[in-house]
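This is the structure I have questions about; it appears just below.
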Amino acid sequence: MLENLLKFLRPVRFYALLLLLPLGWFAWGAATGTRLLGDDNESTETLTAGGASGRSTIGHARFYHK
Amino acid sequence: MSATATPRPESAQLNCPACGTSITYYDVEGSEYYACPNCHTYFQWSGEEKPKVFGKYDQAPRTSPALPIGAVGTLLGRMFRVVGVVSRREANHPQYSWREYQLFEAGTRQYAQLAEFDGHWTLIWAASKQDADREEYKLPDFKLFNKYQSRVNWALGEFDWDIETDSNLHVTEYIKPPYLLVQEQRGNEKNWYRGRHVAPQEVAEAFHISRSALPSQYGTGAVEPAPGSKSWGALWALTGLVLAALLAMQLVLVVRTGKPLLSQTIQVVPDTTAAPGTGRVLVSPSFTLDHQAALQVDLTASLSNQWLELPVSLVNEQTGQGFEFTKNIEFYSGVEGGESWVEGGRDADAVLSRVPAGRYHLNFYPFTEKGVTPELQVTVWADPALPSNFFVVAGLVLLLPMVQVFRRSRHERRRWANSDYNPYATE
């Protein structure tokens, strides 16, 4: 059965390899805890962790830490 | 006792009764009608002393047809020789004109026809009992494409029937690309023919001529396969498999999310020392993240026709590293003209990617209208399922299939534009 499936998929074997890229990207996002289109972090200190998205609005520039 | 067979001559010559040009013909026993390649006189000759001349095709081109008379080629594993060419037009739509190349297979003495319309080629042969049950030629699977009667524009070469009598034929074409079924009806007599699309490259290779020597293609052929037809089933099968795998991974991620790291209700308290509307800094209880993960912070504010601007910072208590985001929450509702309305919402959420393991708390810096002190429900989740990741990657996986759907749809519309039975026609 698997042999038949592979034979059937033979015309798209190179495309199947190409699809490993988005699947790998998804797996990487899941493994590292990354939202692929960017997160809501606005901190310049930790922006590299995920990058900012357009979802949030910029608020007050007041930062207090405990 | 042995019989000695007389070898059948491969070709013979006769002279055109009008211009005297020597005409080579190849179906020595079968051919009876001829169109002179020089003066285009159409005549019948079956061995009698004087050929019967019917007339002359004045519209015949001066240049040689794309496949010259006498050319030999191998198509679908059969060796054919081009012995004649007929240019025809539809009786009711004379703008539709095509060429039919008569192909003679000397070994079997059978004929096939290679039809060319707007640079699109179809090999057509008489249906036979031998291939009556072939799965690809079941009539119910075909769609009616065209009904017409034809007229001859011009002809060259030899024929084993009177091509002019074809004007009485009622032709019906059915298609299931790349296959074609043709019914020719004369009175109560019906004959069926089968056809298959042939790519120009196949024609060029079969007859050892340059692809550029063949007519340029316009539009879509009646039985020209749609783009990606050979891999269409495999493409969707693969897409289905990949989407199923992706969905399975996403379900695992949904299950993985588990319990919240923090679930707390906090009351906004006005800061009397600051500007009106400013709330005191609120600090959540600490929580521990035991591995690097994405964090999702869900916020629900008890607002009623009010707004709240809420900068939030997530602070790592060991390293001081901070993540920040701001949410504007506003909720308005009322009744106007007897109808209730709602604007905005009480909920907001934020996602922070790749938050390192450690002990954290949240700081809130609320700012709202003077005198408003809403209650804030805060929930923090580690490893949220991040559905946007799923949809982004699913979109990428579906990109090529969708492009192919668009291309095939466009292809089909162009194909049917040449048909009186166009399912896409709006009138």
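The values are calculated or read from the model by the stated rules, or taken from the named source; none is laboratory data. It should be emphasised that the depicted structure is a prediction, and the values quoted were computed from it without experimental measurement. Neighbour counts run over all protein chains shown; Cβ positions are idealised from the backbone, glycine included.
Of all the residues that make up the range A:8-63, how many are at pLDDT below 90, out of contact with any Pro (no Cβ under 6 Å at 6 or more places or on another chain) and not aliphatic (A, V, I, L, M)? Outline the logic, then answer.
Kept after step one, since they are at pLDDT below 90, are these residues of the range A:8-63: A:43-63.
If we keep only those that are out of contact with any Pro (no Cβ under 6 Å at 6 or more places or on another chain) as well, we get A:43-58, A:61-63.
In the following step, the residues that additionally are not aliphatic (A, V, I, L, M) were identified as A:43-46, A:48, A:50-51, A:53-57, A:62-63.
So the answer is 14.
Continuing with the same structure: Has the range B:273-285 got at least one residue that is more than 10 Å from chain A (Cβ to nearest Cβ), within 53 Å of the chain's Cα centre (by Cα) and buried (at least 16 other Cβ atoms within 10 Å of the Cβ)?
no
Please name all residue pairs, on different chains or six or more residues apart, with Cβ atoms under 8 Å, provided the first residue is in the range B:266-285 and is farther than 12 Å from B:T373 by Cβ and the second residue is loosely packed, with under 12 Cβ neighbours inside 10 Å and charged (D, E, K, R).
Close Cβ pairs satisfying both conditions: B:P276/B:K370.
Okay, residues lined up against (1) within 24 Å of B:T165 (Cα to Cα); (2) modelled with pLDDT of 95 or more; (3) in the same structural domain as B:K176 (by TED's automatic domain parsing); (4) not acidic (D, E):
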{"site": "B:P68", "(1), (2), (3), (4)": "no, no, yes, yes"}
{"site": "B:V83", "(1), (2), (3), (4)": "yes, yes, yes, yes"}
{"site": "B:Q102", "(1), (2), (3), (4)": "yes, yes, yes, yes"}
{"site": "B:Q110", "(1), (2), (3), (4)": "yes, no, yes, yes"}
{"site": "B:I124", "(1), (2), (3), (4)": "yes, yes, yes, yes"}
{"site": "B:E135", "(1), (2), (3), (4)": "no, no, yes, no"}
{"site": "B:L139", "(1), (2), (3), (4)": "no, no, yes, yes"}
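I'd like the full set of residues that are part of a helix (DSSP H, G or I) and not small (G, A, S), limited to the range A:15-41.
Once the filter is applied, which keeps residues that are part of a helix (DSSP H, G or I) and not small (G, A, S), the range A:15-41 yields A:Y15, A:L17, A:L18, A:L19, A:L20, A:L21, A:P22, A:L23, A:W25, A:F26, A:W28, A:T32.
Let me ask something else about it. Would you check if B:F331 is more than 24 Å from the chain's Cα centre (by Cα) and either assigned to a strand (DSSP E or B) or under 18 Å from B:N305 (Cα atoms) (or both)? Spell out how you get there, then give the answer.
On the way: more than 24 Å from the chain's Cα centre (by Cα): yes; either assigned to a strand (DSSP E or B) or under 18 Å from B:N305 (Cα atoms) (or both): yes.
So B:F331 fits the description; yes.
Now for a separate question. Of the residues B:L282, B:L251, B:L235, only one is closer than 25 Å to B:I329 by Cα and hydrophobic (A, V, I, L, M, F, W, C); which? Lay out the reasoning, then the answer.
Working: B:L251 fails: closer than 25 Å to B:I329 by Cα; B:L235 fails: closer than 25 Å to B:I329 by Cα.
None of the others qualify; the one that does is B:L282.
Could you please find all residues in the range B:118-135 being surrounded by fewer than 20 Cβ atoms within 10 Å (Cβ to Cβ), on the phi < 0 side of the Ramachandran plot and either in a helix (DSSP H, G or I) or within 24 Å of the chain's Cα centre (by Cα) (or both)?
B:K129, B:Q130, B:D131, B:E135
May I pose another question? Which residue pairs have Cβ atoms closer than 6 Å, lie 6 or more positions apart in sequence or on different chains, and pair a first residue in the range B:401-427 that is outside the structural domain of B:Y96 (by TED's automatic domain parsing) with a second residue that is loosely packed, with under 15 Cβ neighbours inside 10 Å and in a helix (DSSP H, G or I)?
Here the result reads B:Y424/B:R413, each pair linking the range B:401-427 to a residue that is loosely packed, with under 15 Cβ neighbours inside 10 Å and in a helix (DSSP H, G or I).
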